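Okay, structure first, notes after.
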Amino acid sequence: MKKVVIYTGPLCNYCSAAKHLFSKKKISYEEIDISNDDKKREEMIKKANGARTIPQIFIDEKHVGGYVELKDLENKGELEKILKN
């Protein structure tokens, strides 16, 4: 299984939904809370090609996007393929 990283912040419903989706599917992930860490925030923005919203989700350094994009992959049945290939 590939490494999943989620950049998050407090009181973020989309962050919670993304984490819930991964947990429901028994997919482990690393959570990076950017709310009090400017270096991690800048790291996220750089890796996400300028995206500043949270969550920002990465699978093996590949930028997936936010929760909407993650859910779209799940609905199309593509999430498992990305995680296994």
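The values are calculated or read from the model by the stated rules, or taken from the named source; none is laboratory data. Note that the coordinates shown come from a computational prediction; the quantities given were computed from them, not determined experimentally. Reconstructed Cβ throughout: ideal geometry from the backbone, glycine too, with neighbour counts over all protein chains shown.
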* **Subset of segment 20-47 [in contact with a Phe, Trp or Tyr (Cβ under 9 Å, 6 or more places away or on another chain) and closer than 17 Å to Asp72 by Cβ]** => Leu21, Phe22
* Which one is surrounded by the most Cβ atoms within 10 Å (Cβ to Cβ) among residues in segment 17-30 that are out of contact with any helix residue (DSSP H, G or I) (no Cβ under 7 Å at 6 or more places or on another chain) and closer than 16 Å to Ile59 by Cβ? -> Phe22
* Give Glu42, Glu31 a once-over and let me know the one that is more than 12 Å from the chain's Cα centre (by Cα) and acidic (Asp, Glu). => Glu42
* Asked: Which fully enclosed helices (runs of 4 or more DSSP H) of segment 4-85 have 2 or more residues being modelled with pLDDT of 95 or more?
  -> 13-24, 38-47, 67-75
